[in-house]
Amino acid sequence: LNSTPLPVLRVTGMFTPAGSATVSLSNGPPGAPFLIAASGAPGYQAGGPLFLGEILIDPVNWFPLLSGNLSGTGDFSVTLPLAGIAPTFFHLPVFLQGIVLDPGGTYWRVSNATVATIRP
């Protein structure tokens with residue numbers, strides 16, 4: 001109960017083949033390592049002793065989308081162009097979730113999950 005709030009993941013933009021998506025992770029510890037994972041399916045797994053929060057994307061079939069270190073204010077943001085995305089990916093949901101290492105290096109702090117879909 002005395003722990004700092006979990007990170008917040010947001011995905012915004014114009015989700016069309018000519019648009020772009022902005023992925024941002026905020027509310028994390030300054031300079032902490034992070035990973036934003038993507039999956040084609042939702043899922044649930046209790047995080048267990050190494051995680052604070054719940055894993056809400058497919059816990060088996062996921063891939064790393066973005067990684068690095070948060071800024072000195074505990075934020076990260078990047079805008080990704082969607083031009084060139086193959087039409088076979090249109091209308092498919094992509095589930096995203098962020099994970100940030102806490103300052104003590106003991107726990108992975110898990111953000112909310114969100115979903116995005118590219119529409120022609």
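Observations
- Any hit, the stretch 100-114, residues being in a loop (DSSP other than H, G, I, E, B) and either under 22 Å from F15 (Cβ atoms) or among the aliphatic types (A, V, I, L, M) (or both): no
- Any hit, the stretch 49-71, residues being among the small types (G, A, S), loosely packed, with under 13 Cβ neighbours inside 10 Å and not in a strand (DSSP E or B): no
Condition check ((1) closer than 20 Å to Y107 by Cα; (2) open to solvent by less than 50 Å² (accessible area, probe 1.4 Å); (3) assigned to a strand (DSSP E or B)) across all residues:
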{"residue": "T4", "(1), (2), (3)": "yes, no, no"}
{"residue": "R10", "(1), (2), (3)": "no, no, yes"}
{"residue": "P17", "(1), (2), (3)": "no, yes, no"}
{"residue": "T22", "(1), (2), (3)": "no, yes, yes"}
{"residue": "I36", "(1), (2), (3)": "yes, yes, yes"}
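The values are calculated or read from the model by the stated rules, or taken from the named source; none is laboratory data. Note that the structure is predicted; figures quoted are calculated from it, not measured. FYI the Cβ positions are ideal-geometry reconstructions off the backbone, even for glycines, and counts take in every protein chain you see. Side chains included, ligands, DNA and RNA excluded: accessible areas come from the protein's heavy atoms. Shrake-Rupley method; radii C 1.70, N 1.55, O 1.52, S 1.80 Å.
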